[in-house]
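J.: One structure, as structure tokens, below. Some questions next.
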Amino acid sequence: MSFESLGLQAEVLRAVADAGYDQPTPVQRLAIPPILAGRDMLAGAQTGTGKTAGFTLPLLQRLAAKRPAGGRPVRALVLTPTRELAAQVQDSVVTYGRHLSLKSLALFGGVSINPQITALRRGVDILVATPGRLLDHAQQGSVDLSRVEILVLDEADRMLDMGFIRDIRRVLKLLPAKRQNLLFSATFSAEIRGLADGLLENPERIDVAPRNTTAELIDQKVHPVDRARKRELLSWLIGGQDWRQVLVFTRTKHGANRLAEQLERDGLSAAAIHGNKSQGARTRALAEFKAGKVRVLVATDIAARGLDIDQLPHVVNYELPHVAEDYVHRIGRTGRAGREGQAISLVCVDELDLLRGIEKLLGRKLPSETLPGFEPDPRVRAEPIENGRRGRGGSKPPRGGSNAPRAASARPRAGDSTRPGHRGGQSSRSRRRAGARA
Ligand code: AMP
């Protein structure tokens, strides 16, 4: 099937050809015709499926079809969970709209608001925004959403995970009642279904299995290892097998920072990328990673969402995610576009329940290989994983007797404990959100 047969106009087809796409992806085949016809949509699709073009191409065409009388009001609004994703969607809008005369703008926090106000004043057809910064603009009257014709919620599950539901509802109140609504989400929780029910009118439902759930091209492997020796094993894998580009996932920002520093000490160029880093620092780290100047990029799940990096040869789960679906997202970064990739999980005794949850989701057991010299000590007891941080106390380090060489004790070091005030008054949701918007 060709892009031509989907009903796209010449200017859009030219941009698609410029981008080098020969054929629409499944989500594009399913999404483009109903969106062009003005239907609401509930789409199950994750990053890597081509979903951005799936909604952007028909959105551009619908906007280009008629010019509104009077000025250049915002006629399409795309909400995204992170600034990275907003920037990336905005890039796609520019790429696919290059032969049309529509204006677009990305609005996200972490950068000065004034240039955004100036750009809004000049007139924008398509806004790609994170909810928090959009509401800041709405509050100070620098954006008018009363003429929005098309609303897209991109990665809606992530937005809810990050605690944006109230912000989304506030944004919805600023929109006219009559509009086209498109909701894209990788997963469908009860909360997402609730949002969709209230938002969508007789939606076209499409579902594209994540490209990598079956993951034939991804070599997935678990290496059991003691928690205290994960870093040593990681350095050994990277150095010993001469991996040039590896994306490593941790559960927390703190863990990402610490690991990147330790890897640097091991002589491996590494950078951490997470919500507490400035926009500049994140962009720089990503650019250096892509350019091959940084060999190891350490990321949290939220920071990694929306990062335009895929087709990586190696992805490592330094710590398993709390949510099994995140495992699928993580490993989806490798083995793309028909290339083979490797997804390695370093699993300690604390994480056996998480591993079982992942295997249940995948419907199969992951192959496990204990590496000589890194055999887990059977006397190390599981410790609770709390908000991705290990609690104080727990088991004593094993004393002597192990065959495996030990680089460090199994006891968590001071830096592992929860930071002061961590369990204070703030809810976990607002904490997550504060982090995401920081
Ligand atoms: P997305 O799922 O929207 O993040 O897109 C993932 C990647 O697929 C992006 O780098 C797009 O440039 C690329 N892409 C989107 N549509 C196509 C297509 N029809 N053919 C080839 N690559 C595509």
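J.: Assuming 0.36 nm per residue, please report the length gained on full extension of the stretch residue 375 to residue 101 beyond their Cα-Cα distance. Spell out each step's value before the answer.
T.: Details: separation 274, 0.36 × 274 = 98.64 nm, distance 6.14 nm.
This chain segment gains 92.5 nm when fully extended.
J.: Among 313-319, 377-383, 251-257, how do they line up from the highest to the lowest mean number of other beta-carbon atoms within 10 Å? Please list the in-between numbers first.
T.: Details: 313-319: 22.4, 377-383: 15.3, 251-257: 20.7.
Packing proxy ranking, top to bottom: 313-319, 251-257, 377-383.
J.: Follow-up. If r is the Cβ-Cβ distance from residue 236 to residue 139 and R0 is 41 Å, what FRET efficiency results, to the nearest 0.05? Display every interim value, and only then the final one.
T.: Working: r = 52 Å, r/R0 = 1.27.
In this case the efficiency is close to 0.20.
J.: Sorting check: for 54-64, 81-91, 99-109, which peptide has the highest mean count of neighbouring beta carbons within 10 Å, and how do the rest follow?
T.: Details: 54-64: 24.5, 81-91: 22.5, 99-109: 19.5.
In descending order of packing, they fall as 54-64, 81-91, 99-109.
J.: Further question: Can you list the lysines whose alpha carbon sits under 22 Å from that of residue 178, skipping same-chain ones fewer than 8 residues off?
T.: Reachable lysines: 66.
J.: Using amide H atoms built 1.01 Å from N in the peptide plane, name the residues 5+ places from residue 275, or on other chains, whose amide H lies under 5 Å from its own.
T.: Counting only residues 5 or more places away or on other chains, the set is 303.
J.: Send over a whole-number figure in Å² for the accessible area per residue of region 3-211, probe 1.4 Å.
T.: Details: 8400 Å² over 209 residues.
Solvent-accessible surface per residue comes out at 40 Å².
J.: Another question, if that's okay. From the phi of every residue in region 297-305, what ³J(HN,Hα) in whole Hz does the Karplus formula 6.51 cos²θ - 1.76 cosθ + 1.60 yield, where θ is phi - 60° and glycine or proline is x?
T.: 3J(HN,Hα) across region 297-305, in whole Hz: 10, 9, 9, 8, 4, 5, 5, 6, 4.
J.: Go through region 81-97 residue by residue and turn each phi into a ³J(HN,Hα) via Karplus (6.51, -1.76, 1.60, θ = phi - 60°); whole Hz please, and just put x for glycine and proline.
T.: x, 10, 5, 4, 5, 4, 5, 5, 5, 4, 4, 5, 4, 5, 4, 7, x
J.: How far apart, in nm, are the 7 Å Cα→Cβ label points at residue 67 and residue 147?
T.: Spacing of the two 7 Å Cα→Cβ label points: 1.3 nm.
J.: Holding the Cα-Cα limit at 19 Å, pick out from 253/277; 51/253; 51/293 the pairs that are longer than that.
T.: Pairs exceeding 19 Å: 51/253; 51/293.
J.: For region 60-191, just say rounded, prolate or oblate: build the C-alpha gyration tensor, square-root its eigenvalues into a ≥ b ≥ c, call rounded for a/c under 1.5, and beyond that prolate if a/b exceeds b/c, oblate if not.
T.: Values: a/c = 1.43, a/b = 1.29, b/c = 1.12.
Since a/c stays below 1.5, the shape of region 60-191 is classed as rounded.
J.: Given 0.36 nm per residue, what is the gain on full extension from residue 37 to residue 189 after removing their alpha carbon distance, in nm?
T.: On the way: separation 152, 0.36 × 152 = 54.72 nm, distance 2.76 nm.
Length gained between residue 37 and residue 189: 52.0 nm.
J.: Between residue 2 and residue 207, what FRET efficiency comes out of the Förster formula 1/(1 + (r/R0)^6) with R0 = 25 Å and r the beta carbon distance, rounded to 0.05?
T.: Numbers: r = 23 Å, r/R0 = 0.91.
That gives a FRET efficiency of 0.65.
J.: Want the number for residue 269 to residue 221: 0.36 nm per residue separation, take away the alpha-carbon distance, what's left?
T.: So the chain would gain 14.9 nm between residue 269 and residue 221.
J.: Keeping the other protein chains in place, figure out the carbon and sulfur percent of the accessible area of region 88-176, with a 1.4 Å probe. Mind showing how you got there, number by number?
T.: On the way: 1630 of 3550 Å².
After summing per-atom areas, the C and S share lands at 46 percent.
J.: Would you mind getting me the FRET efficiency between residue 290 and residue 170? Use the beta-carbon distance for r and R0 = 25 Å, nearest 0.05. Intermediate results must be reported in sequence, preceding the final value.
T.: On the way: r = 36 Å, r/R0 = 1.43.
Step by step, r from the Cβ atoms, then E = 0.10.
J.: At 7 Å along the Cα-to-beta-carbon direction for both residue 382 and residue 121, put a label point, then send me their distance in nm to one decimal.
T.: The answer from the label model is 6.0 nm.
J.: For residue 102, what residues show an amide H to amide H distance below 5 Å, using hydrogens built from the backbone and excluding near sequence neighbours?
T.: Correct list: empty.
J.: Can you list residues from other chains, or at least 5 along the same chain, whose modelled amide H is less than 5 Å from the amide H of residue 107?
T.: Counting only residues 5 or more places away or on other chains, the set is 128, 129, 130.
J.: To continue, here is another question. Where both residues lie in region 3-211, what percent of DSSP beta bridges are antiparallel, nearest 5? Present the calculation step by step, with values, prior to reporting the outcome.
T.: On the way: 0 of 24 bridges.
Of all bridge pairs located within region 3-211, approximately 0 percent are antiparallel.
The values are calculated or read from the model by the stated rules, or taken from the named source; none is laboratory data. Keep in mind the model is a prediction, meaning the values are calculated, not measured. Neighbour counts are summed over all protein chains in view; Cβ atoms, including those assigned to glycine, are modelled from backbone coordinates with ideal geometry. In case anyone asks, the SASA skips ligands and DNA or RNA and just uses the protein heavy atoms, side chains included. Shrake-Rupley method; radii C 1.70, N 1.55, O 1.52, S 1.80 Å.
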